[in-house]
Amino acid sequence: MAKKTTARKPSGLAPSYPYYLANAAVAANTDLEVRDKYSGKVATRVAMGDAAAIRKAIVAAHKARGAMADFPPDKRRDVLEHCVRRFEERFDELALALCIEAGKPIKDARGEVTRLIDTFRIAAGEATRSEGEVIELQISERTRGYRGMVKRVPIGVCSFITPFNFPLNLVAHKVAPAIAAGCPFVLKPAAKTPVGALIIGEILAETDLPKGAFSVIPCSNEDAAALTEDERIALLSFTGGLVGWDLKARAGKKKVVLELGGNAACIVDEDPGLPLDKVVERLVFGAYYQSGQSCIGVQRIYAHRSVHEALRRKLKKAIGALRSGDPRDENTFVGPVIDSDAADRIESWIDAARKGGAKVIAGGKREGNIIPATLLEKVPRDADLERKEVFGPVALLEPVDSFDAAIARVNDSDFGLQAGVFTGNLAHAMRAWDRIEAGGVIVGDVPSFRVDNMPYGGIKDSGCGREGVKYAIRDMTEERLLVIRDPA
């Protein structure tokens, strides 16, 4: 059962936020400044944990393993459903928090809160579904009279590390499955955007989860080392940059799930299967929504030469109509990137590509941390804009002579998270599914499409393992076999 609560009006961020250690709010300090990403001003202050707090959280979670495993599935469901209700009550507050701490345009912010709610709702449904099977063991004379059954049990303590770009939904994809699976956890949210995770912690603290079931603690990367290295942790789930491979190397025997980004590509075939205006609409969304700060944002567009020029012209017009500015403005499509370092890097990559011969089709002058939506062509194959993850509102467009040539360009990448394919040719759609080296192929839309119950994750440098509620629950549980011999 959850405690009685009241809705809160979205007047802005609170002056300060505690962290959560073993289910309890701890106002240890106000050391972490969280800035409004548009104005640059301090918007609130957050309690910052240290290595000692992380160790205490791990100890508490380890002690809570049995209580969480015994916490009945219907009560896990009730906790998740309580969260859904509270997220709905605090919808506007959560969206405004995203707008302020992440610089996310308000329409994108509302979309993320909706996905937060969806993810917890899906997890609530999964909490009372038990995956298992009956195994036929009577395969020869010696095994007659034996029966086998398998059930899934919680893996134990989980540690979660999340990035700045989806401060609610990427937290949700770790926290909600852990509760559904019966696993205690310790979460380190991104220091640049901790508020959303702390509000989730506040709402979880309203429930009767066993003591030690959860901790939400912003801290430095150095102080978070135990979340990777402590042997009491059974699973590490990390979403972020390529440093994830280093974490995996340090993780020891624990299970590791990594989502490390990409430079997602989209093919526009000779017959796109949709009117070109619709294709342009989706490409513009995929490349520039939430200022391009998405692991599956459209970064590389490969268009068949027969449609390339028309696509180029339509993209230029559509991109030129996008509005940049204050993320609180309902008409803003492109807001600021996360900080000046990110803006400097993106700007330098554009300049380097131009010096290498690239041409700007659409774009404009940087203002503060706002990089206008930019589209380039003739980008050198070895340029950072082609090879790395730009994580900003920048895309490139190139013509190709055949569908197979387009697949080859998509695969010419160190990453492999998701890819998009616009084609009206069924054989081409199936060939893309067979040959594109990515965790997911989206036909008829951009790679930026994601539903929160589908398997999601990549190959190559994009990571290992899969998210999506049901798939995360499988990672957070393990099989336990029962064999019974008929005494007769």
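The values are calculated or read from the model by the stated rules, or taken from the named source; none is laboratory data. Everything numeric in this text was worked out from a predicted model, so none of it was measured. Backbone-built Cβ (ideal geometry, glycine too); neighbour counts: all protein chains shown. Only protein heavy atoms, including side chains, enter the accessible area calculation; ligands, DNA and RNA are left aside. Shrake-Rupley method; radii C 1.70, N 1.55, O 1.52, S 1.80 Å.
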Looking across the range 365-388 at residues that are touching a residue at least 60 places away in the same chain (Cβ under 8 Å) and more than 23 Å from the chain's Cα centre (by Cα), the single one that is farthest from residue 320 (Cα to Cα) is 368
Filter pass, residue 483 being modelled with pLDDT of 95 or more, open to solvent by 30 Å² or more (accessible area, probe 1.4 Å) and more than 25 Å from the chain's Cα centre (by Cα): yes
- Task: Could you tell me whether the range 89-101 includes any residue that is part of a helix (DSSP H, G or I) and within 16 Å of the chain's Cα centre (by Cα)?
- Result: yes
Being out of contact with any Cys (no Cβ under 6 Å at 6 or more places or on another chain), hydrophobic (A, V, I, L, M, F, W, C), over 22 Å from residue 87 (Cβ atoms) and not in a loop (DSSP other than H, G, I, E, B) narrows 153, 175, 186, 171 down to just 153
Scanning the range 349-379 for residues that are aliphatic (A, V, I, L, M) and either assigned to a loop (DSSP other than H, G, I, E, B) or open to solvent by less than 50 Å² (accessible area, probe 1.4 Å) (or both) gives 350, 353, 358, 361, 362, 370, 371, 373, 375, 376, 379
Filtering the range 180-209 down to residues that are farther than 21 Å from residue 95 by Cα and open to solvent by 20 Å² or more (accessible area, probe 1.4 Å) yields 208
Checked 380, 327, 393 against criteria (modelled with pLDDT of 95 or more and in contact with a Cys (Cβ under 8 Å, 6 or more places away or on another chain)); the one match is 327
Handout entry: Yes/no for residue 477 being more than 30 Å from residue 179 (Cα to Cα) and at pLDDT 95 or above
Key = no
From the option list 398, 437, 386, single residue qualifying as under 23 Å from residue 275 (Cβ atoms), charged (D, E, K, R) and at pLDDT 95 or above is 398
Selection from the range 20-39 of residues open to solvent by 40 Å² or more (accessible area, probe 1.4 Å) and under 25 Å from the mean Cα position of the chain (by Cα) yields 33, 35, 38
Exception for residue 71 within (1) of a type outside the set (Val, Ile, Thr); (2) open to solvent by 10 Å² or more (accessible area, probe 1.4 Å); (3) in contact with a helix residue (DSSP H, G or I) (Cβ under 6 Å, 6 or more places away or on another chain); (4) modelled with pLDDT of 95 or more falls at (3)
Has the range 227-248 got at least one residue that is in a strand (DSSP E or B) and basic (Lys, Arg)? no
Output for Cβ contacts, cut-off 9 Å, separation at least six or different chains, first residue closer than 13 Å to residue 125 by Cβ in the range 67-78, second open to solvent by 50 Å² or more (accessible area, probe 1.4 Å), reads 73/128; 73/129; 73/130; 74/128; 76/128; 77/128; 78/1; 78/208
